[in-house]
Amino acid sequence: MKEWSKYFQLPEFLEYTRKYMLTDELRELVISHMHLKEGDKILEAGCGTGYLGRYLKKGVPSLQITAFDRDKGFIEAAKRLGGGINFFIADAKKIPFDDSSFDHVVSHTFFTSVNDPKAVLKEMKRVLKPEGIISSITSMSFIPAVMESGHYPPDCKWLVRYRELYRNVWNMYEKIDPVKGYTNGMTTAEIPHFFAENGLKDISLYPIGNLFSFSNASLNKKDREKYVIDSYECEWHKLNRFLKLDDRNQFLKKEEAEEYLYLLEEKKNFLLNNLEDNSIFEWTGSGSVLITGRK
């Protein structure tokens, strides 16, 4: 397992994907399900770039949010993005706060990644006030329920080679830095019972849907343009990080990488020139679950 923010999920990737996992339309529901109130003290564990904290604070500005992650790159990005949140580096098994310091402890896609969830939950409960609430948002499946690679016009001849190279690139990612190294915690299905058997009560589950699409007419043109550019830049930066690794040559030739980057830009330009096309529909869709438990 390499540095999370440098190779697996770059800060830019977290930001652009979270935007479509936690939409403005869902904010009031999420805040309601978490039972957040004006002035509550919130601790976010494994905050990444701080998207969840900023998302909640936008709905309830008086929330006092403190957030931590063990990854220095994420915390540096979170501090740049700001949002009136106190960010710091820490290990979730050793949270540097006194007992009963917070009204809520929240997290997003966190318990599926920690290698000692029992120790982490014990620490969360320790810093939580009596009757305080722990809230966890987690994808129901790491692989999206819907994965559609798109319906492009026949004259997009570059697409066949692009998809072939795409598979090669992602095979290289997996060989060098396997996904399982980042998802070695518990499964989402285990979390409700895990909360209950470790002393939380009033365990509740709430569904949260999410999808990503270049063609979605419910997005305005500006958002679609940003979506295309952000997805391109995230992939460009990730591949260029891997190209600097010595063992990359075993799995991906330099010429293949250069061709892939060229076709990646070709795809970006095509999509930017066809933002109004409502027929391409390259998209993924999935679901997350918000699980809450009271101390």
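Just checking, how many residues over segment 118-140 are assigned to a helix (DSSP H, G or I), touching a residue at least 40 places away in the same chain (Cβ under 8 Å) and surrounded by 15 or more Cβ atoms within 10 Å (Cβ to Cβ)? Matching residues across segment 118-140 total 5. Scanning segment 47-67 for residues that are within 21 Å of SER204 (Cβ to Cβ) and surrounded by fewer than 21 Cβ atoms within 10 Å (Cβ to Cβ) returns GLY59, VAL60. Residue-level analysis places TYR20 among those that are aromatic (Phe, Trp, Tyr) and either part of a strand (DSSP E or B) or out of contact with any Cys (no Cβ under 8 Å at 6 or more places or on another chain) (or both).
Evaluation of MET21 against the conditions (1) modelled with pLDDT of 95 or more; (2) among the hydrophobic types (A, V, I, L, M, F, W, C); (3) touching a strand residue (DSSP E or B) at 6+ places or on another chain (Cβ under 6 Å) shows that the sole unmet condition is (1). Restricting attention to segment 141-158, the residues being surrounded by 11 or more Cβ atoms within 10 Å (Cβ to Cβ) and free of Cβ contacts under 8 Å to residues at least 24 places away in the same chain number 1. Residue count for segment 126-155 satisfying the condition of being farther than 15 Å from LYS41 by Cβ and charged (D, E, K, R): 2.
With respect to being in contact with a helix residue (DSSP H, G or I) (Cβ under 9 Å, 6 or more places away or on another chain), in the same structural domain as MET34 (by TED's automatic domain parsing) and either free of Cβ contacts under 8 Å to residues at least 60 places away in the same chain or outside any loop (DSSP other than H, G, I, E, B) (or both), PHE110 falls outside the description.
You will find that of GLU28, GLU15, the residue that is part of a helix (DSSP H, G or I), touching an Asp or Glu at 6+ places or on another chain (Cβ under 9 Å), in contact (Cβ under 8 Å) with a residue 12 or more places away in the chain and surrounded by fewer than 22 Cβ atoms within 10 Å (Cβ to Cβ) is GLU15 and no other.
Annotation: TYR206 fulfils all but one of (1) more than 30 Å from VAL127 (Cα to Cα); (2) surrounded by 14 or more Cβ atoms within 10 Å (Cβ to Cβ); (3) under 24 Å from the mean Cα position of the chain (by Cα); the unmet one is (1). Residues that are surrounded by 14 or more Cβ atoms within 10 Å (Cβ to Cβ), over 20 Å from the mean Cα position of the chain (by Cα), at pLDDT below 90 and of a type in the set (D, E, K, R) do occur in segment 242-258, at least one of them.
Restricting the first member to segment 201-215 and to residues that are more than 30 Å from GLU225 (Cβ to Cβ), and the second to residues that are modelled with pLDDT of 95 or more and polar (S, T, N, Q), the beta-carbon pairs closer than 6 Å and six or more apart or on different chains are SER204/THR292.
Would it be correct to say that GLY209 is modelled with pLDDT under 95, outside any helix (DSSP H, G or I) and farther than 30 Å from GLY150 by Cβ? In short, no. Residues in segment 60-107 that are within 22 Å of SER5 (Cα to Cα) and either polar (S, T, N, Q) or not assigned by TED's automatic domain parsing to the domain that holds GLU15 (or both): THR66, ASN86, SER107.
Looking across LYS122, LYS157, LYS201, LYS221, one residue alone is at pLDDT 90 or above, under 30 Å from LYS254 (Cα atoms) and out of contact with any helix residue (DSSP H, G or I) (no Cβ under 6 Å at 6 or more places or on another chain). It is LYS157.
The values are calculated or read from the model by the stated rules, or taken from the named source; none is laboratory data. Because the structure is a prediction, the values reported are computed rather than measured. FYI the Cβ positions are ideal-geometry reconstructions off the backbone, even for glycines, and counts take in every protein chain you see.
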